[in-house]
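The values are calculated or read from the model by the stated rules, or taken from the named source; none is laboratory data. Every value quoted in this text rests on a predicted model; they were computed, and no experiment measured them. Methodologically, a virtual Cβ is constructed for each residue, glycine included, from the backbone with ideal geometry; neighbour enumeration extends over all protein chains shown.
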Amino acid sequence: MAPIGQIVRPTPGSEALARARQRAALIPDCLVEAKRIANTVIAGWHGRRKRGIGENFWQFRPYADGESLSRIDWRRSARDDHTYVREREWEAAHTIWLWPDMSPSMMFKSNYAPVSKESRALVLMLALAEILARSGERIGCPGVMDPVTARNAAERLAAALMHAPLTGGLPETGMIRGFSDVVLIGDFLDPADEVMAQLAPLARRGLRGHVVEIFDPAEETFPYAGRTEFADPETGDKLVSGRAESIQEAYRIAYKARRDNLGQALRHLGWTFTSHRTDHLASEALVAMHMYLSGMPARSAPGGLR
Amino acid sequence: MSALPFAFASPAILFALLALPVIWWLLRLTPPRPQAEVFPPLRVLASVLKREETPAQSPWWLTLLRMLMAAAVILAIADPIVNPRTNTLSAAGPMVLLIDNSWSTSVDWERRVATAEALIDDAEASETPIAIAFTAEQSHDATPGTAAAAREKLTAVAPRPLRPDRARAIEALRAALAGTRPGTLAFLADGMKADDTDRTLSALADLNPAELRLIEGDGQSAVALTGASNTADAMAVTATRLNSSGPALLALSAEDNRGRKIAAGSVRFTPGETQATGTITAPFEMRNDFARLTIDSQATAGSTYLLDDGFKRRRVALLAGEPTDAFQPLLSPLYYIHRALQPYADLVEPNETDLSVSIPELLNSNPSVIIMADIGRLPAETYAPVERWIANGGTLIRFAGPRLAAAPADDPLVPVTLRQGERALGGALSWAEPQPLADFPPIGPFAGIPKPDDVLVKRQVLAEPTPDLAERTWASLADGTPLVTVKEINSGRIVLFHVTAEATWSDLPISGNFVEMLRRIVQLSKAGGATAANSAPAAAEALPPYRLLSATGVLTAETGTARPLDLARNPKPVTNFDNPPGLYGSEDGFTALNLLPQGATIAPLDPASAEITVAREGLVGGEAWSAKPALFFLAFLMLLLDSLIVLFMNGALSIARPRTAARTLAVLLALSGLVGMPHGEVRADDSKPNDGEVFDRLDTTHLAYVKTGENDVDDISQRGLAGLSEFITYRTTLEPGDPVGVDISKDELSFFPIIYWPVSASAPMPTNATISRIDAYMRSGGTVLFDTRDQFSGLNENGIASANGERLRAILANLDIPPLEPVPADHVLTKSFYLLSSFPGRYNGGQLWIEARQDTRNGSNSSSASADGVTPIMITSNDFAGAWAVDHQGVPLLPTVPPDEIQRDYAFRTGVNIMMYMLTGNYKADQVHVPALLERLGQ
C-alpha cells in the first residue's frame, strides 16, 4: 500500500512564478489599505501631491532666510539672481513583507492534493507579489530580498529565492520597520504558544500581519488506517499506531482546536488569519488575502475559507 | 574412523539442523511492518496517541545472527570431539602396560589412568590379555590377566613420591610374560630418564613386542627442587626441570611448619638450561621459620623441598680473654668473628667480663656454638658445665693466642694436646718463612673450599703429634702442621684454630675464607643448642619416620610401610620405597629426606636409545578435546550481541533520547570509573605531636641551657644565652634563634650543638637515666658546657671543692668522659673567631677544661673523632651566663668581678669562639697547615 503522504522536492522558482502569474491574472490590482498613512491612497504608488521626502522633483521655491544653505540648488540659482531650494514630492509607497515557510514539513503532499504545501505557499506568495507590485507597493522578503518597488518584483523575488532558498522558520525580522504589512504563509504546526511567542514581538512593533495557514487535506482529515508508523519530517520522531483509524476522531478534534487557538490568538493581535487547503484553488486564498490587504472586512467565519 | 578431524558424540542431534529453515521462517513471521507515513503534524498526533510501539521487523542480518546462534547450540549439544582417539591395538599377543607412577605423574594422574583404561578397553574389545606393571611399586604382579583384573590393579595404584624403579618392573614383566611375545607394549612414562645410563627402552625392546608405544603426558613440565642453602641475605634454592626449551619463571614460596606461606621468591630458567638457582629473600629471623619450600604452580613431591634444623640460624656465644676495647676494635679478638658471623648467626656476648659469671649465663641462653678467643684457662668450676654442654651437642670453637699458648697442656677443652708456647715463623730468630695453607682435606666441613692463596700464618700453637691427628685435622699448613683441629665428644665437638682470632698471628681472619670456614662450622652445629639434643644418643640410632611427603607434596603423619632412616650406616640416604621422602626423627629434632639428592638433575627419556621403532603418543584427553564448551560460549556471545543490538534498535542507547542516553552513559561511566578509577593518593598521617616544635628547632640554630629547676639560675641562663645570641647575631653570620631551656630528662637534645649546664648544688641531682641521656648526647656529637660558676673551685685543686664542684663531680662520675685538660695555647678555641688567650666570664682566672687531645703517636681512636675533633665536654667555673646576661634593653644584669667592661667583652668573645668551635669543628685548626701547604705549592 502506497503511503498517502510524501515529501516532495521543493518547487522550482520559475514554475511557481508561472503559476503565480496565472493566479495573479485573475485577481484585480491590489490596493493596499494603509490605515496608518494619513491620506488615502488613490492610485497606488503615486506621490502624495505635496512636498516631502521623495525621489522625484516637486518644485523650486525661493530660498527663505534662516534655511540651511545646504538646501540651496545652486544649479537653478545660477540661472538668475534669486536663490532657489529644490523640493521633492513626498512619495510614500507601502512596504509589504512576504515570507513563506519552507521547512521540511512544508514539502508534504498527500494523494488528496495536487501540489505540496510548499508549492502552494510559493505560488501564493509570488502571486501576491505580482499583484502588489502591479499596484506599486514595495515588496520584500525577510532574509532574502530587501524591499523593492518594481514592476517585476515577483520575478526578482523568485530569483532571489532561488539563490537564497529559505529553509527554517521565521528569519531575523529586525529590518522590518513599523507601518509595514507582513504576510506569513506556512503550516504553523508548532503549538500555538510557540507560534505566538514568535509573532507577538512583531505585532508589538506595530506591524500588521496576515497569516495564511496552508494545510494538506490528509493532515486535516486523517485518512490513515491500520498499523501505521508516522514520522515527523522535521525531527525524525516516529510514532507507531496499531490502529490508526481508531484515533481519527480524536485527532481531528485536536487538529481543529489547534487551528482555532491560533486564529483566536492572532485576531487578538489584530492580525488576520486565513486557512488554505491545498486541494482547493490557490485563487481562493489569494482573493481572501487581497481583501484583507485592501482593508475589506473578511466575510469568512473564524477558521478561514474552505 | 572418519577422515574428519572431529567426531560427534551424539550425531543424531544434528538432524535438528534441518529445523533451521523453519526457525528462519518463524523469525521472519513477525508482526506486519507498519505503513510508514510522513506526517508533519506529528506533535498533534502525539498528543492524541499516548502509547508507543516499536518496529517489530528485524533486519536480515539479525535473523542470520539468531540462526547462527541456534546452529551453534545444536552443534554444541551434538558434542563434537576434535581429534578422537582411535583403536589400533596389535592383536599379536598380550597387551603389556608399563605405567610410571612416580612423583611427577601426580600432576596428571587422572589422565594417565584414563589413557590406561582406554587401552584396557581396546584390549578388552580385541580380547587380548593384559599384563600391567607399575614402576614405583614395591611388588609387581605382571601376570597377563583379564581386563577387569587390570582395571582393579589400575585403580589400586596411586602416584608415589618416589623415583621410578623401571628395571625391576621390567624384570617382573619379563618373568610374567615368560617368553610370550607381547603384542602392544605401551609405556606410560613420566618422561624422565632415571640416570645417564638408562636402559629402560632398550630393555623394553628386548621383550620384543609387536609394537612399542611410548605415551608421555605433559610431564615435560616437571620441575623439582634439589637444594636450598642459606646465604647472607636470602635462601638460595636450586631447581631442575625436564623441559629445557623455553624460558620459565617459577614462583617459589616458603612455608612455616604450620603450612602458612611466609615468604616468596622466584627461580628463572633461561632457554636450554635445566638447572637454575632462585632466591627467596627474607630476614633471617623469618628464614628460621621456613619448614619447606614449594613451587607454586606444581604440587608434587619433587617440587617440595623439606628443611630441617640444618637450616636454622644458630645462636653463637662469643667470649674473649681480654675485655673488648671500644677504642681499638681492629685489635679486639672478637672483631673479625663478629663481622664474619653477623649475617649467619645470632651473636650473644656476656654482659660480665668475669668468666665465672658469664659462662653459666651464656650456657643458660642455650647457644649452639661458643667461640672462645684466646682464653687460656677457664675458672675451675665452669669446666664441668661446659663439658656437659659439649657432650650434649654443643660446639666449642677456640682460637689460640698468647694466653692459650701459655696455658697448661692438660686442658680438657682443647681437641689436641698442645705444646707449650707458640711457634713463630719468619721471625728475626727463625729461618722458617711464614706458611701458606695447604689444600683442605676432603674430610671435614671445609672440603670443597678452594685453597686460599693470600693467607700466611706467622705464628701458631703446635699440636703434639698423635696417631689420630691427621683425621682430626680439618685444615693444615703447607708444611703439614695442623691449623684447625677437632675433637668430637659424644654429639658435640671442640674445634681449635691454632691461630689468633685477630690478624696478629696470621692473615686468616682478614681473608674471605675465614667467613666461609666459620660459617660451615656453625652450620655443622646443632640448631636447637645442647639441651634440645638431650635425646642425642637416640638420634644417633635409626630415625623413625615422623612426617612423610605425599605424592602431591603434602606432609602426612601416615607413615605406612616406611622404615626408620639409619643415618649411622648410611650418612647420605637416598629415597626408595623403604625410605620415602619426608621428615625422620621426632618432633624435637628431625632430619629431612628430600626426593632428589642435592644437585640432581632430571633429563628427558630418549626414545632413540631403543633398538625398535617407538611410536610416541599423548595421553587421552590431551589431543582429543570437546568443542562443546567453545560452541556454547560462542552461542552465548552471540546472544549477548543480539541483546545489545535489540537494545540499540529499540533506541535505549540512541541519542534520540538524550536523557536516557545520558543516564545510561553516566551509569556506564560510573561503572568503568569504579573499575578503573585511579585511587586517590592516600598517605598515612605520620605527624607526631611535637612536629612543629621539632621543625622550628631544626630551622634555626638555637642555644640551649639545662633547666636546673631553680628560677634564679634558669633566668640568668636564659638572659645570658639571649645576650650571647644577640652578640653573635651582631658580630657573625650566625643568627641563632631564641635560647631554649631544655629538660634533659625528657626533651630531645640532638637539635642543639651545645648545651649550657649551670651546675647548682642546690638543684636536684639528675637521675641515672638522665645522665645516660646526656652521655648519649655527648657520644652522638653534642657538647655540654658545664659551668660551676665558682672561679675558686678548680678541678685539680687540692681536694677542696666547692659545693657546685662536688655536684659536678657527682654528675661526671656517671658519665663516660674522656681525659680532660685546660685549653692549650694553640687550641682551636683560642682562634676560632677572636684571638683569645683566656676565657673569662663573670669571673676571671678559672680554667676552661676540654677533652685532652689524643696523642698522635699512639694513633688510637677517640670518641670525639666522630665529632670532627670537637670536645664533647667543656667545664668552666667562670660563670659565662652571668657575664652574658643582659636585660631587654641590652644592659648587663650582673657586674663582672672585678668590674671591668673589657672583661665582659672578652666573655662575649669567648662565647663567640665556643659557638664557632662548635659549628666549624677543626676547620680553624687546619689553618695551622696553611704555611706548609703554601710552601708545598711553591708559593
Some residue of segment B:691-705 being closer than 30 Å to B:Leu65 by Cα, at pLDDT 70 or above and not in a loop (DSSP other than H, G, I, E, B):
no
With respect to A:Gln248, is the statement that it is under 17 Å from the mean Cα position of the chain (by Cα) and more than 8 Å from chain B (Cβ to nearest Cβ) true?
no
Could you grab me the full set of residues in segment A:59-116 that are among the basic types (Lys, Arg) and either outside any strand (DSSP E or B) or within 14 Å of chain B (Cβ to nearest Cβ) (or both)?
A:Arg71, A:Arg75, A:Arg76, A:Arg79, A:Lys109
If I filter segment A:208-228 down to residues being farther than 23 Å from A:Gln264 by Cα and crowded, with 20+ Cβ neighbours inside 10 Å, which single residue comes out as nearest to the other protein chains (Cβ to nearest Cβ)?
A:Thr228
Go through (1) assigned to a loop (DSSP other than H, G, I, E, B); (2) closer than 19 Å to B:Ser126 by Cβ one by one and return the number of the condition B:Ala150 breaks.
(1)
Yes or no: A:Ala197 more than 10 Å from chain B (Cβ to nearest Cβ), part of a loop (DSSP other than H, G, I, E, B) and not aromatic (Phe, Trp, Tyr)?
no
Can you give me the number of residues within segment B:817-841 that are exposed (fewer than 14 other Cβ atoms within 10 Å of the Cβ) and at pLDDT below 85?
3
Output yes when any residue across segment B:378-389 is part of a loop (DSSP other than H, G, I, E, B) and modelled with pLDDT under 80, and no when none is.
yes
Among the residues of segment B:279-309, how many are closer than 19 Å to B:Leu250 by Cα, outside any loop (DSSP other than H, G, I, E, B) and aromatic (Phe, Trp, Tyr)?
1
For B:Met765, all conditions in the list (1) out of contact with any Ser or Thr (no Cβ under 6 Å at 6 or more places or on another chain); (2) over 21 Å from B:Asn711 (Cβ atoms); (3) not polar (S, T, N, Q) hold save one; what is the number of the exception?
(2)
Between A:Gly242, A:Gly236, A:Gly263, A:Gly304, which is under 17 Å from A:Glu220 (Cα atoms) and at pLDDT below 85?
A:Gly304
Given B:Thr135, B:Thr184, B:Thr180, which one is within 30 Å of B:Leu306 (Cα to Cα) and not acidic (Asp, Glu)?
B:Thr135
